[in-house]
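Engineer: What follows is a single structure, and I will ask about it in a moment.
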Amino acid sequence: MSTAEIAVEQAYVSMLYGKLDRLRDRAGDRLAEVLASPGGSDQAMSERDTFAADLSRRIVQIDAAEHGLCFGRLDLAGDERRYVGRLGIVDDEGDYDQLLVDWRAPAARPFYVATAVAPEGVRRRRHIRTRLRAVVGVDDEVLDRHSPDAVRTGGPAGEAALLAALEAVRTGRMSDIVETIQAEQDQVIRSPQAGVLVVQGGAGTGKTAVALHRVAYLLYTHREQLARRGVLVVGPNATFLRYIGQVLPSLGETGVVLADVGGLFPGVTADRAEPPAVAEVKGRPEWAGVLAAAVRDRQQVPDGGLDLVVDDGPV
């Protein structure tokens, strides 16, 4: 891509980072004011703590968006342009135009699913590659097959951006895939919250990364409901949790609890190593039936009524 196109995107990205810095400063100043307030009554102190928690979470989201703030642009029918990034930014100093669309918002979905066959109203999709705050490259896909630019820029969707991600240096920690989510992955991530969702696939096919991005999407879409109840990510062991531990924070979500299977029972930590022969027996598929039978054997109908408290109310 020409240096002129890179310069155009650099100017826009620099403007976005300026807005991001102002959002960070504003949230930091407001947090300092809230923490300095005297509090007074129990209700006032509770409200102060709530405001402080919300502002702290907002600062974390802003800091998480520092790397790869803006990574895409959609050119739509009617000459509308829509930039896609890690969080939403609105021009609060002008007409409140949407300067950057959060990748989880419905308006960003065409960036991941639009194709030449089903363009979703997109004429051109642009992948913007950045290093720190500098634009280092752009990659265009023309989805309008009747455009003369379609032949020049034809190729697999997101090829350059996807190859750059695959060739990136590995750090020993799982990284987010927000810039290169594929259409099939996006379908899983944005599936309705209608109960248990099972995703199957071979080793290394991205199941865990997709699941973590789904958590971030659900928190964006149903934050009030899920944040009140809490979100728990369960992994097989502590090593696995360390490997995936930076994905959600990099997406600005720090309120999720990670735990391994051995730490699920409160007050009990499973730290004994099983002999290899015992571990092999416990790992057999037949144990699923053994555990199911054990649960059925221990299920009992209560002798009388039970008083339960759910969301601070009796049931």
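Engineer: Take the chain, connect every pair of alpha-carbon atoms lying under 10 Å apart with a spring to form a Gaussian network, then pick out the residue of LEU251, LEU35, LEU69 with the largest mean-square fluctuation.
Structural biologist: Taking springs between Cα atoms under 10 Å, the residue moving most is LEU35.
Engineer: Given a 1.4 Å probe, how much area per residue of the chain is accessible, in Å²? Numbers along the way, then the final one.
Structural biologist: Numbers: 19500 Å² over 315 residues.
Averaged over the residues of the chain, the accessible area is 62 Å².
Engineer: For region 132-139, take each phi angle, set θ = phi - 60°, evaluate the Karplus expression 6.51 cos²θ - 1.76 cosθ + 1.60, and give the result in whole Hz per residue in order, putting x for glycine and proline.
Structural biologist: 3J(HN,Hα) across region 132-139, in whole Hz: 6, 10, 9, 7, 10, x, 9, 9.
Engineer: Next question. If contacts are Cα pairs under 8 angstrom and at least 6 residues apart, what is the relative contact order of the chain in percent?
Structural biologist: 13 percent
Engineer: Over the chain, with a Gaussian network built from C-alpha contacts below 10 Å, which listed residue (VAL13, VAL142, VAL199) shows the highest mean-square fluctuation?
Structural biologist: The residue with the greatest mean-square fluctuation here is VAL199.
Engineer: Stokes-Einstein diffusion coefficient for the chain at 10 °C in a medium of 1.306 mPa s, Rh from the Kirkwood formula over Cα pairs: what value in µm²/s? The partial results should precede the final answer.
Structural biologist: On the way: Rh = 23.1 Å.
Using the Kirkwood radius from Cα pairs, D works out to 69 µm²/s.
Engineer: Separate question: Can you order the peptides 94-103, 188-197 by their average number of other Cβ atoms within 10 Å per residue, highest first? Provide the component values of the computation, followed by the final result.
Structural biologist: Values: 94-103: 16.0, 188-197: 11.8.
The most tightly packed comes first, giving 94-103, 188-197.
Engineer: Scan the chain and hand back the longest stretch that contains none of the GluC sites (Glu not before Pro) lying in DSSP loops with at most 13 other Cβ atoms within 10 Å.
Structural biologist: On the way: sites that count: GLU80, GLU93, GLU167.
The reported range is 168-315.
Engineer: Give the whole-number value, in cubic angstrom per residue, of the convex hull volume spanned by the C-alpha atoms of region 68-128.
Structural biologist: Numbers: hull volume 5.1 nm³, N = 61.
Output value, Cα hull per residue: 83 Å³.
Engineer: Which one, VAL301, VAL231, GLN246, projects farthest toward the positive side of the charge dipole computed for the chain from Cβ point charges (K/R +1, D/E -1)?
Structural biologist: Of VAL301, VAL231, GLN246, it is GLN246.
Engineer: Which percent of the accessible heavy-atom area of region 91-142 goes to carbon and sulfur, probe 1.4 angstrom?
Structural biologist: Details: 1230 of 2440 Å².
Carbon and sulfur atoms account for 50 percent of the accessible area of region 91-142.
Engineer: Report, in debye and to the nearest 20, how large the dipole of the chain comes out about its Cα centre when Lys and Arg carry +1 and Asp and Glu carry -1 on their Cβ. Please report the intermediate quantities before stating the final value.
Structural biologist: Details: 37 positive and 45 negative charges, 154 e Å.
Once rounded to the nearest 20, the dipole reads 740 debye.
Engineer: Using only protein heavy atoms and a 1.4 Å probe, report how much of PHE51 is accessible, in Å² to the nearest 10.
Structural biologist: Answer for PHE51: close to 110 Å² accessible.
The values are calculated or read from the model by the stated rules, or taken from the named source; none is laboratory data. Small disclaimer: the values here were computed from a predicted structure and weren't measured. Cβ coordinates were reconstructed from backbone atoms using ideal geometry, including for glycine residues, and neighbour counts include every protein chain displayed. The area values use the complete protein model at the heavy-atom level, side chains included, leaving out ligands, DNA and RNA. Shrake-Rupley method; radii C 1.70, N 1.55, O 1.52, S 1.80 Å.
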